[in-house]
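Structure first, then comments.
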Amino acid sequence: MAKIHHCTCRINLSGQNCHIVHYDQFSTVTWPEVQVLMALHGDENVMDVVPVMIDETSPAAEKERLASRYGYRIVEQCFPGRAFRMQLMMTDDDQLPRVEEVREQVTEAEVAALAAQAPVFTPGRNRKPHEAAKEA
């Protein structure tokens, strides 16, 4: 088993800052998965990649997981052949917390309490002064 980094990042899906997907510490992507996402969306649209956790897996198991999630073609384009080269670590830093340790810190009750909270809407822009005057 080899060590693998789990990362947080932001992905700009359309390339125009309209649809941005955030992967945080509770929904991470692996470093090879970041490479597949870069091939899918372009290098410039995968931003703020930071390793936050470490786990263990085999390269073959990771390639199989990525192929089942993103499709065989794109994964084979990134990691071609049977003797493929897959970089599992973004940096040499292996002093990160393990995935099991991080997942144990969050209990099911905390997740349920967060899910039960009412959503909060914040408008994207302020109202114009003349619109507020009409309503008053």
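The values are calculated or read from the model by the stated rules, or taken from the named source; none is laboratory data. Not measured: the values here are computed from a predicted model. Here the Cβ is made from the backbone with ideal geometry for all residues, glycine too, and neighbour counts use every protein chain on show. Note: areas computed on protein heavy atoms with side chains; ligands, DNA, RNA excluded. Shrake-Rupley method; radii C 1.70, N 1.55, O 1.52, S 1.80 Å.
Across region 21-28, a minimum of one residue is classified as in a loop (DSSP other than H, G, I, E, B), closer than 28 Å to Q105 by Cβ and not polar (S, T, N, Q). Would you be able to tell me the number of residues in region 6-55 that are surrounded by 14 or more Cβ atoms within 10 Å (Cβ to Cβ) and hydroxyl-bearing (S, T, Y)? Result for region 6-55: 4. Across region 94-119, the qualifying residues are those that are touching a residue at least 60 places away in the same chain (Cβ under 8 Å) and part of a loop (DSSP other than H, G, I, E, B), and the one among them that is farthest from T57 (Cα to Cα) is V106.
Only a single criterion out of (1) outside any helix (DSSP H, G or I); (2) without any contact (Cβ under 8 Å) to a residue 24 or more places away in the chain; (3) under 30 Å from V111 (Cβ atoms) is not satisfied by G81, namely (3). Of all residue pairs spaced 6 or more apart or on separate chains, those with beta-carbon atoms under 8 Å, a first member in region 39-58 that is within 20 Å of M86 (Cβ to Cβ) and a second member that is open to solvent by 60 Å² or more (accessible area, probe 1.4 Å) and part of a strand (DSSP E or B) are V46/R10; M53/R98; I54/K3; I54/R98; D55/K3; D55/R98; E56/K3. In the condition set (1) within 20 Å of R10 (Cβ to Cβ); (2) over 14 Å from the mean Cα position of the chain (by Cα); (3) assigned to a helix (DSSP H, G or I), V34 is compliant with all but (2).
When region 84-109 is examined, which residues are found to be within 18 Å of M53 (Cβ to Cβ) and open to solvent by 70 Å² or more (accessible area, probe 1.4 Å)? Selection gives Q87, D92, Q95, R98, E100, E101, R103, E104, Q105.
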